1. If a residue has to be within 12 Å of the chain's Cα centre (by Cα) and not hydrophobic (A, V, I, L, M, F, W, C) to count, how many in region 14-39 make the cut?
2. Which pairs do you get when a residue that is without any contact (Cβ under 8 Å) to a residue 60 or more places away in the chain and over 14 Å from residue 45 (Cα atoms), found in region 1-28, comes within reach of a residue that is among the charged types (D, E, K, R) and not in a strand (DSSP E or B), reach meaning Cβ atoms under 8 angstrom, with the pair 6+ apart or on two chains?
3. Considering only residues that are open to solvent by less than 20 Å² (accessible area, probe 1.4 Å) and hydrophobic (A, V, I, L, M, F, W, C), which ones fall in region 6-21?
4. If a residue must be under 15 Å from the mean Cα position of the chain (by Cα), over 19 Å from residue 14 (Cβ atoms) and open to solvent by 80 Å² or more (accessible area, probe 1.4 Å), how many such residues does region 53-77 contain?
5. Just to be sure before I move on: is residue 50 surrounded by 11 or more Cβ atoms within 10 Å (Cβ to Cβ) and charged (D, E, K, R) in the structure I sent?
Amino acid sequence: PTTNIRYDVKDAGVVRIVIHNVLGQRVRTLVSGYREVGSHSAIWDGRNDRGGCVTSGVYLCRMIAGGRAHVRRMMLVK
């Protein structure tokens, strides 16, 4: 299973997108670096940072950019 996470950057700068489990533990860092203004996307393939598959369940996608944080809930179903 894969998910395409689309996001817009309003001010160029460092963007960080991290997937967490419901316990708040970091599962995977998808984006960590400078991004220009515009639309971007990141793909999560249901794997953790070590390359292992994660279990089905609820995950949180947290985006930090320009001093703001946005969190979205996702459901991974296999």
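1. Residues in region 14-39 being within 12 Å of the chain's Cα centre (by Cα) and not hydrophobic (A, V, I, L, M, F, W, C): 7 in total.
2. Within 8 Å, the pairs are 9/36; 12/36; 26/49.
3. Hits for region 6-21 are 9, 15, 17, 18, 19.
4. 3
5. It is false that residue 50 is surrounded by 11 or more Cβ atoms within 10 Å (Cβ to Cβ) and charged (D, E, K, R).
The values are calculated or read from the model by the stated rules, or taken from the named source; none is laboratory data. None of the values given here were measured: they were computed from a predicted structure. Glycine gets a Cβ as well: all are built from the backbone with ideal geometry, and neighbour counts include every protein chain shown. Surface areas here come from the heavy atoms of the whole protein model, side chains and all, with no ligands, DNA or RNA. Shrake-Rupley method; radii C 1.70, N 1.55, O 1.52, S 1.80 Å.
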